[in-house]
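Notes to accompany the following structure.
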Amino acid sequence: MAPRNEPSFRESVDLMFNRAAALMDLSPGLEEKIRVCNSTYTVRFGVRLRGQIQTFVGYRSVHSEHMEPVKGGIRYSLSVNQDEVEALAALMTYKCALVETPFGGSKGGLCIDPRQYDEHELEQITRRFAYELAKRDLINPSQNVPAPDMGTGEREMAWIADQYARMNTTDINARACVTGKPLNAGGIAGRVEATGRGVQYALREFFRHPGDAKKAGLSGKLDGKRVIIQGLGNVGYHAAKFLSEEDGARITGIIERDGALYDPDGLDVQAVHNWIVKHGGVTGFPDATHQAEGAAVLEHECDILIPAAMEGVINLTNADRIRAPLILEAANGPITAGADEILCEKGTVIIPDLFANAGGVTVSYFEWVKNLSHIRFGRMQRRQEEARHELVVAELERLDRYLGDAWSMSPDFKAKYLRGADELELVRSGLDDTMRTAYQAMSEVWNARDDVADLRTAAYLVSIDRVAKSYRAKGL
Ligand code: GLU
């Protein structure tokens with residue numbers, strides 16, 4: 001949480017918005033229309049649990065309906081409040097515009113500690129919350145489509161989808177009312193890993209721009225880079241796993257609720273994850289140094305710092321001690337507006353949340369399209385693609401025989417080339433393309449304009465411009 005002398009999370013997002021809007025030629029009326037949150041619905045509902053009625057407070061905030069449906073996760077956490085959901089809904093608007101998913105921005109939250117309830121209780125609470133939202137079209141395939149966020153996952157999304165279907169028995173598109181569902185309940189391959197995968201693709205694209213990497217004093221690729229990650233939840237775990245196993249990055253620090261693990265030679269992410277699942281925290285993990293004051297590890301030396309836990313963790317109290325030259329915001333809003341200024345002044349390069357964690361909503365978009373089209377991706381093309389590839393391979397085999405020892409096909413070429421892409425490969429390809437295209441749009445503005453000093457401002461410029469265009473197209 002940000003300290004008291006800092007603006008709230010929503011004010012912080014507005015300040016970042018204002019910084020970019022000041023460089024644009026928007027009419028003051030349109031600027032205000034884009035910035036403000038359209039509506040926030042608060043619901044207090046009761047559920048009979050353990051023999052008595054317990055009252056829960058939930059929110060669904062809609063930031064911008066320039067495109068519909070509006071999109072954004074539902075969070076279960078004790079820190080949920082109106083300011084937080086409004087900040088997160090605003091970030092969803094800018095995020096969706098930046099990665100060109102055709103949605104407005106929304107966010108929901110339930111003020112609850114999910115660890116205090118068993119599965120059956122959570123199902124009752126979730127179904128009741130979903131009922132309250134669906135009844136007001138705040139869950140609806142064409143108007144408002146939630147997804148997982150902190151404290152929720154596939155299980156909760158399946159309950160929400162089922163609750164909506166029970167209430168709308170003739171809606172043929174009912175499954176598209178929520179994304180992040182399990183595969184057997186209308187989900188899509190690769191959604192669980194999507195945000196972490198997006199972080200990997202974002203960093204790969206960053207290092208494909210040596211000029212950009214140089215601004216952080218970095219060069220080369222991800223191989224050997226020292227990474228400190230905060231939060232080994234769904235996003236942090238997948239990001240750390242992919243970066244270490246596939247790109248050769250060294251995860252030197254992992255910060256969790258109960259302290260941090262540190263090993264300059266690199267931690268075994270899978271082993272740490274397994275330990276957390278079994279013991280509920282990192283304490284006692286045998287193969288690393290444990291530091292009880294976890295947040296202090298944010299200040300350790302490394303090449304890339306990835307806050308993947310929650311908002312406001314880099315704030316006025318620690319910003320000037322952060323030593324990482326590159327920070328990637330895998331969480332939403334981990335750097336406050338004040339800290340952002342301090343870091344930018346120091347020359348720290350920040351890959352901003354609205355781009356860096358957009359992998360989740362990107363794959364949500366694919367899932368929503370899949371639900372509306374009622375067919376799995378690749379089902380029509382896959383075998384036809386394989387048949388065409390077979391023709392090429394047959395020709396190459398003929399050439400191989402003809403040329404004798406002079407030339408032959410590489411050993412695994414045939415098997416790799418023959419296999420048509422399945423849904424997971426298509427999802428990854430679509431996600432990779434999305435992250436590359438969005439990065440390029442941002443980087444171009446960053447490099448082309450002298451008045452744009454950082455990637456975040458560049459990202460906001462691209463997003464706000466797109467939102468403004470769609471408002472204008474509506475005649476506003
Ligand atoms: N909760 C995720 C986010 O903050 C995903 C939202 C979605 O898939 O709609 O981006």
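The values are calculated or read from the model by the stated rules, or taken from the named source; none is laboratory data. Predicted model only: the values in this text are computed from it and were never measured. Using ideal geometry, Cβ is built from the backbone for each residue, glycine included, and neighbour counts are taken over all protein chains shown. Calculation scope for accessible area: heavy atoms of the full protein, side chains included, ligands and nucleic acids excluded. Shrake-Rupley method; radii C 1.70, N 1.55, O 1.52, S 1.80 Å.
Restricting attention to the stretch 55-99 and to residues that are hydrophobic (A, V, I, L, M, F, W, C), in a loop (DSSP other than H, G, I, E, B) and in contact with a helix residue (DSSP H, G or I) (Cβ under 7 Å, 6 or more places away or on another chain), the residue that is nearest to the ligand (Cβ to nearest atom) turns out to be Val99. Of all the numbered requirements in (1) part of a helix (DSSP H, G or I); (2) within 19 Å of Leu203 (Cβ to Cβ), Ala309 misses one, and that requirement is (1).
Looking across Asp433, Asp405, Asp422, one residue alone is of a type outside the set (Lys, Arg), under 30 Å from Ala97 (Cα atoms) and open to solvent by 70 Å² or more (accessible area, probe 1.4 Å). It is Asp433. Scan the stretch 130-157 residue by residue and report those that are within 15 Å of the ligand (Cβ to nearest atom), out of contact with any Asp or Glu (no Cβ under 9 Å at 6 or more places or on another chain) and assigned to a helix (DSSP H, G or I). Correct list: Leu133, Glu154, Met157.
Restricting to the stretch 420-476, what's the tally of residues that are aliphatic (A, V, I, L, M) and not in a helix (DSSP H, G or I)?
So the answer is 4.
Scanning the stretch 25-49 for residues that are assigned to a strand (DSSP E or B) and within 23 Å of Gly72 (Cα to Cα) gives Ser39, Thr40, Tyr41, Thr42, Val43, Arg44, Phe45. The number of residues in the stretch 183-203 that are open to solvent by 10 Å² or more (accessible area, probe 1.4 Å), without any contact (Cβ under 8 Å) to a residue 60 or more places away in the chain and either among the basic types (Lys, Arg) or closer than 18 Å to Ile306 by Cβ (or both) comes to 1. Within the stretch 317-333, how many residues are assigned to a loop (DSSP other than H, G, I, E, B) and touching a residue at least 60 places away in the same chain (Cβ under 8 Å)? Residues in the stretch 317-333 being assigned to a loop (DSSP other than H, G, I, E, B) and touching a residue at least 60 places away in the same chain (Cβ under 8 Å): 7 in total.
Just one residue in the set Val227, Val145 is open to solvent by less than 10 Å² (accessible area, probe 1.4 Å) and more than 18 Å from the chain's Cα centre (by Cα); that residue is Val227.
Would you confirm whether or not the stretch 337-351 contains a residue that is within 26 Å of Gly236 (Cα to Cα), in contact (Cβ under 8 Å) with a residue 12 or more places away in the chain, open to solvent by 10 Å² or more (accessible area, probe 1.4 Å) and in a loop (DSSP other than H, G, I, E, B)? There is at least one residue in the stretch 337-351 that is within 26 Å of Gly236 (Cα to Cα), in contact (Cβ under 8 Å) with a residue 12 or more places away in the chain, open to solvent by 10 Å² or more (accessible area, probe 1.4 Å) and in a loop (DSSP other than H, G, I, E, B).
Against the numbered list (1) in contact with a strand residue (DSSP E or B) (Cβ under 8 Å, 6 or more places away or on another chain); (2) more than 16 Å from the ligand (Cβ to nearest atom); (3) aliphatic (A, V, I, L, M), Ala271 comes up short only at (1). The sole residue among Asp223, Asp212, Asp265 that is charged (D, E, K, R), in a helix (DSSP H, G or I) and either more than 16 Å from the ligand (Cβ to nearest atom) or within 23 Å of Asp432 (Cα to Cα) (or both) is Asp212. Does Ile125 satisfy being more than 14 Å from the ligand (Cβ to nearest atom), open to solvent by less than 10 Å² (accessible area, probe 1.4 Å) and more than 19 Å from Ser61 (Cβ to Cβ)? It is true that Ile125 is more than 14 Å from the ligand (Cβ to nearest atom), open to solvent by less than 10 Å² (accessible area, probe 1.4 Å) and more than 19 Å from Ser61 (Cβ to Cβ).
Taking residues in the stretch 406-420 that are farther than 14 Å from Leu391 by Cα, and partners anywhere that are surrounded by 12 or more Cβ atoms within 10 Å (Cβ to Cβ), the pairs with Cβ atoms closer than 6 Å and at least 6 places apart or on different chains are Ser408/Asp400; Met409/Leu396; Met409/Asp400. Among the residues of the stretch 352-371, those that are part of a helix (DSSP H, G or I) and more than 10 Å from the ligand (Cβ to nearest atom) comprise Phe355, Ala356, Phe366, Val369, Lys370, Asn371.
Picking from residues in the stretch 164-182 that are within 16 Å of the ligand (Cβ to nearest atom) and part of a helix (DSSP H, G or I), the one that is surrounded by the most Cβ atoms within 10 Å (Cβ to Cβ) is Cys177. In the set (1) among the aliphatic types (A, V, I, L, M); (2) near the ligand (Cβ under 10 Å from one of its atoms); (3) surrounded by fewer than 18 Cβ atoms within 10 Å (Cβ to Cβ), Ala394 fails one condition alone, (2). Considering the stretch 37-85, the residues that are more than 24 Å from the chain's Cα centre (by Cα) and among the small types (Gly, Ala, Ser) include one that is nearest to Gly233 (Cα to Cα), namely Gly46.
Can you give me the number of residues within the stretch 50-63 that are in contact with a Cys (Cβ under 8 Å, 6 or more places away or on another chain) and over 19 Å from Glu132 (Cβ atoms)? Selection size over the stretch 50-63: 1.
Can you tell me which residue within the stretch 107-161, out of those that are touching a residue at least 40 places away in the same chain (Cβ under 8 Å) and small (Gly, Ala, Ser), is farthest from Asp83 (Cα to Cα)? Within the stretch 107-161, the match that is farthest from Asp83 (Cα to Cα) is Ser142. Kindly indicate the residue of the stretch 100-112 that is open to solvent by 10 Å² or more (accessible area, probe 1.4 Å) and under 14 Å from Met67 (Cα atoms) and also farthest from the ligand (Cβ to nearest atom) among those meeting that condition. The residue in question is Glu100.
Per-residue answers, yes or no, for (1) of a type in the set (A, V, I, L, M); (2) more than 14 Å from Arg456 (Cα to Cα):
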site: Glu341; (1), (2): no, no
site: Ile350; (1), (2): yes, no
site: Gly359; (1), (2): no, yes
site: His374; (1), (2): no, yes
site: Glu386; (1), (2): no, yes
site: Trp407; (1), (2): no, yes
site: Ser410; (1), (2): no, yes
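Can you confirm whether the stretch 408-420 contains a residue that is at negative phi, of a type in the set (S, T, N, Q) and touching a Ser or Thr at 6+ places or on another chain (Cβ under 6 Å)?
no
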